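Comments concern the structure below.
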Amino acid sequence: MKRRGLVKQLLLFCLVGFVVTSVYNSIVSQVNELNVEEVTAKSTTKRILNFIPSTRTSPKNKFKINCRKIIEKDKDEIDRATALMRVSPPSRLQNGDYINATQDCVHFRKSFRYDNYPVTNEEREFPIAYSIITYQDVDQTERLLRAIYRPQNLYCIHADASSPDSLHRALAGIADCFGNVFIVSKKEDIIYNHMSRLKADLNCMSDILSMPQKWKYFINLPHQQFPLKTNLELVKILKTYNGANDIEGIITHGRMMPSRFEFSHKYVNGSWKRIGKRTSKLPLNATIVKGSAYGVFSREFVQYTITDKRAKDVLKFMEDVKSPDEYYWATLNHNEVLKAPGRYSGNPEKKPWLAVYASWGGRDRCHGKYVRGVCIFGVGDLNELVSKKELFANKFYPDFQYLALDCLEEYIYNKTFSHLPFETFYYKQLPFIRKQ
């Protein structure tokens, strides 16, 4: 009887092994054979969710909303979540709560689950550096930090110099609980469209370069973004990048908002003044390129940005450009004459930009709402978001459709514990990848 039971167990074990192997091979072969645009968001999402354990929920999911059903676009669950959000305010911690909670760092890290992530050797050997720019809402800033936190990474937090003292104290308390999280050494009083926004990232870059850790890539984030990939997936993607930068580039004249750089601008008494036609030129006859304030930058590119004379000369040119953060990175990355490490020499508009996904009015669908032309994501957007190839999503509001962020947080957290294979075939075909 014992031998017969043992045989049954062995047969069951072999059967399970065969099924798991078959499913794994099926997923890998599908990714290799299909162009990513041909795979629908719905089918991709369902395939992924089948491999993710659903036993862990967001600590903020007090209504026990079924996030899996929402991500699968279950109309009944989306309607239930929407109805609940209309009558129940979001559960949020205030600045004072964080000031008090971080008095006991051991308890803070444990209760907020900072040390509850598996970390592979591959991740340990590929640290990532981040800047997080914020001016309000410690609660959302901390959630972003927690989602991307790993002990081998580095995190520079820049809070607006004019933000309330309680915000600075709360963020300082959080940073003090970690050896790899710190407050930027020089804070800027950030003004919208102003050089101060660009300097905030440059200040973090300078600080991070002075650290002994040998991080590989730098990613700059505002506090309203959230990751679409786990840390391990980010590592695999960035290793595929092989030193190339992921920076947006726009050269079509009408899309570049030319008045911002063809004229000199000055911020006077709370408003922008156009003070005349620009006469100065970029160094080495470089051409200005528009892009995003956010990107994925190789360590060598960051070093170049902070120390190289060519980069400093371009920065000088940007001083009276309106929204210089949307031109500086793009100009450095897409001008061969500037010799920036990890640059792209082709037509920048013919390569995808994957650092951040944002849904712009008139171009993409939005199930949330538009603010200044950008979608604030809602629960109805999650099905498409989780199947995107981009690394981060922008943006989320903590007081609007807040269960969208709760469910995305739960999804990324649970996915970290899954053993779902991650295929980098798509990323290896990107035109900006430096071939080995």
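Each Lys and Arg Cβ is given +1 and each Asp and Glu Cβ -1; about its Cα centre, the range 253-348 then shows a dipole of about 300 debye.
Measuring against 19 Å, Cα to Cα, the residue pairs 350/389; 290/395; 186/281; 239/312; 290/322 contain 290/395; 186/281; 239/312 as the ones spanning a longer distance. Counting every pair of alpha carbons in the range 88-242, the share spaced more than 24 Å apart comes to 32 percent. Taking amide H as placed 1.01 Å from N in the peptide plane, residue 130 has its amide H under 5 Å from the amide H of 154, 155, 156, 219, each at least 5 places away in sequence or on another chain. A DSSP coil position with no more than 11 other Cβ atoms inside 10 Å describes the following trypsin sites (Lys or Arg not before Pro) in the range 64-106: 64. Put simply, the amide H of residue 392, placed in the peptide plane, has neighbours under 5 Å in 228, 356, 357, leaving out anything fewer than 5 places away on its chain. Backbone phi angles across the range 390-401, fed through the Karplus curve with coefficients 6.51, -1.76 and 1.60 (θ = phi - 60°), yield HN-Hα couplings of 5, 8, 9, 10, 9, 8, 10, 10, x, 10, 9, 6 Hz in residue order; Gly and Pro are listed as x.
Here the Karplus relation 6.51 cos²θ - 1.76 cosθ + 1.60, evaluated at θ = phi - 60°, turns the backbone of the range 207-215 into coupling constants of 5, 5, 5, 7, 7, x, 5, 9, 5 Hz, with x for every Gly and Pro.
The length gained on full extension between residue 339 and residue 185, counted as 0.36 nm times the residue separation minus their Cα-Cα distance, comes to 52.5 nm. Projecting the Cα atoms of 276, 311, 265 onto the charge dipole of the range 259-313 (Cβ charges, centred on the Cα centre) puts 276 farthest toward the positive pole.
Could you go through the range 219-225 in sequence order and give the Karplus-derived ³J(HN,Hα) for each residue, using 6.51 cos²θ - 1.76 cosθ + 1.60 with θ = phi - 60°, rounded to whole Hz, and x for Gly and Pro? So the Karplus estimates, Gly and Pro as x, are 10, 9, 9, x, 5, 8, 8 Hz. Over the range 253-348, the pair-distance histogram of Cα-Cα distances with 5 Å bins from zero comes to 2, 13, 24, 25, 18, 10, 5, 2, 0 percent, rounded to whole numbers. The trypsin sites (Lys or Arg not before Pro) of the range 339-378 that DSSP puts in a loop, and whose beta carbon has at most 14 other beta carbons within 10 Å, are 339, 363, 365, 372. Note on the range 334-400 and the range 297-313: Cα centroid distance 24 Å, given to the nearest whole angstrom.
The trypsin sites (Lys or Arg not before Pro) of the range 374-436 that meet both conditions, a loop assignment by DSSP and at most 12 other Cβ atoms within 10 Å of the site Cβ, are 435.
We did not get these values from a lab; they are worked out from the coordinates using the rules stated. Bear in mind the structure is a predicted one, so any value in this text is a computation, not a measurement. Here the Cβ is made from the backbone with ideal geometry for all residues, glycine too, and neighbour counts use every protein chain on show.
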